Amino acid sequence: MANEWRLAPEGEALVETAGEIAAGVVRRSAADVDREARFPAENIDALRTAGLLSLVSARGVGGQGQGLRAAAAVGERLARECASTAMVTIMHYAAAAVIEQHGLEALRRDIAERGHLATLAFSEAGSRSHFWIPTGTATRTPDGIRLDAAKQLITAAGHAGVYVWSSRPSAAEGLSTIWAVPSGSAGLSTPRPFDGMGLRGNASAAIIARDVTIPESARLGEDGKGFDVMLGVVLPYFSLQSCAVSLGMMEGVLARTLSHVTASRFSYDGSRIADLPQVRGHVARMRLKTDMVRGLLLDALDAVEGGRADAMLRVLEAKAAGSETSLEVHDLAMRVCGGAAYRRDVGVERFFRDSRASTVMAPVTDALYEFIGRALCGMPVFG
Ligand SMILES: Cc1cc2nc3c(=O)[nH]c(=O)nc-3n(C[C@H](O)[C@H](O)[C@H](O)COP(=O)(O)OP(=O)(O)OC[C@H]3O[C@@H](n4cnc5c(N)ncnc54)[C@H](O)[C@@H]3O)c2cc1C
């Protein structure tokens, strides 16, 4: 569909470039990245070379000056071919958006001009998916701020140049404070490489911080006000981009399913799998569910950009709907592709495995249901 994202011409051109990269190097490397559980460095390099890592950086610091809508569109295009590459990219955009709003100019330029990769390092072994209550500490010392934490499942761990990092406040009241932590800081380690069921190219490993010293100027936002940064920037960026990645995966698996059912035949009479009305019904359901998520995502983007009263509700709904609908669509793909779906070369099983992650990526769907339910019942959403 022409400009389905309703972007201005510069944004549309950037998304087209992302689509070309997706259809080229990302498609070629996807199976290999998954099989070897290796970080898709060549894909991230291609995005960097095309200026797509600076997508959400302001023009004033050398970036492309785009926002959440373009970021979601790029994530969707990449996810049609490789969900790991898409997830690394959207984590970067979410982290870069925080740095754009709260970071020092030198760091903003590192991302915009030099294409440094950023990521969100929120989840911890202690607070698990409840990222808004970090247990890691930030202690004031004569040398600066000392960080100690056990982070879990951090995408692009060891590959990103900077982590947007949550901790308990260093002095103020409140639940959390956010920092920009250079990945080369002494005291940071990633004990084991990531060997996941899905999103195997993500490098979503644990990161341990022991006596890591950063300057106080690395703080992103006010001490103790991390939740405001999470709510104001991270939640809309991560949730809507996550929905876009689920959407791209649904498009990707539907395309592969249609190729399989229209090409595979029963040799006794030459009929195709697609000649079975049940199969056509299932692929129709896949299309409908995918289009429903696209409609909700576009409305959520409108709500956020327009400052609509229901914007937060739409953000929560879009993340939950994208994750859960994607599970249904990938289940249908496995069903109609039959035993062939188990074969790696058909390409459906990789999508199926990758599709499982979104539901358990924070905010997890069950927490989102609780937040949405609270809003519906007139209760404070976040307790
Ligand atoms: C592939 C992958 C990549 C990731 N990348 C990153 C990253 O880049 N940065 C980052 O910070 N984190 C990342 N994460 C971590 C992610 O955001 C979650 O924190 C993590 O997956 C939660 O796992 P857990 O076992 O700790 O969940 P738990 O907190 O143990 O939750 C398990 C289950 O308990 C239930 N539950 C938990 N809390 C609630 C609640 N409040 N209400 C209702 N039910 C609830 C849900 O059913 C939930 O699925 C990633 C995770 C994965 C799988």
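The values are calculated or read from the model by the stated rules, or taken from the named source; none is laboratory data. Predicted, not measured: the structure shown is a model, and the values here were computed from it. Quick reminder, even Gly has a Cβ in these numbers, built from the backbone with ideal geometry, and neighbours come from all protein chains shown.
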When residues of the stretch 127-172 are limited to those that are part of a loop (DSSP other than H, G, I, E, B) and among the polar types (S, T, N, Q), the one farthest from the ligand (Cβ to nearest atom): Ser170
Quick check, is Ser267 surrounded by fewer than 24 Cβ atoms within 10 Å (Cβ to Cβ), among the small types (Gly, Ala, Ser) and more than 30 Å from Ala138 (Cα to Cα)? yes
Filter result for the condition that a residue is out of contact with any strand residue (DSSP E or B) (no Cβ under 6 Å at 6 or more places or on another chain) and without any contact (Cβ under 8 Å) to a residue 40 or more places away in the chain, over Val61, Val25: Val25
(1) within 15 Å of the ligand (Cβ to nearest atom); (2) of a type outside the set (S, T, N, Q); (3) crowded, with 24+ Cβ neighbours inside 10 Å: which one isn't true of Met230, the others all being true? (3)
Can you confirm whether Asp275 is more than 13 Å from the ligand (Cβ to nearest atom), within 27 Å of Asp32 (Cβ to Cβ) and surrounded by fewer than 18 Cβ atoms within 10 Å (Cβ to Cβ)? no
Hey, can you tell me all the residues within the stretch 105-126 that are charged (D, E, K, R) and either modelled with pLDDT under 95 or within 12 Å of the ligand (Cβ to nearest atom) (or both)? Glu124
Could you tell me which residue of the stretch 357-366 is farthest from the chain's Cα centre (by Cα), considering only residues that are within 6 Å of the ligand (Cβ to nearest atom) and surrounded by 18 or more Cβ atoms within 10 Å (Cβ to Cβ)? Val364
Quick check on my filter: what residues within the stretch 15-56 are closer than 15 Å to Ile90 by Cβ and not in a helix (DSSP H, G or I)? Pro40, Leu55, Val56
Whether any residue in the stretch 311-322 is farther than 25 Å from Ala367 by Cβ and assigned to a helix (DSSP H, G or I) is what I want to check. no
Considering only residues that are in a loop (DSSP other than H, G, I, E, B) and under 17 Å from Val229 (Cβ atoms), which ones fall in the stretch 117-126? Phe122, Ser123
The lone exception for Ala300 - which of (1) assigned by TED's automatic domain parsing to the domain that holds Arg265; (2) in contact with a Lys or Arg (Cβ under 9 Å, 6 or more places away or on another chain); (3) within 16 Å of the ligand (Cβ to nearest atom) it fails: (3)
Which one of these does Asp223 not meet: (1) exposed (fewer than 15 other Cβ atoms within 10 Å of the Cβ); (2) closer than 30 Å to Ser166 by Cα; (3) among the acidic types (Asp, Glu)? (1)
Against the condition out of contact with any His (no Cβ under 6 Å at 6 or more places or on another chain), closer than 26 Å to Ser204 by Cβ and modelled with pLDDT of 95 or more, how does Ala321 come out, does it pass? yes
Single condition Gly63 does not satisfy, out of (1) under 19 Å from the mean Cα position of the chain (by Cα); (2) in a loop (DSSP other than H, G, I, E, B); (3) more than 22 Å from Leu298 (Cβ to Cβ): (1)
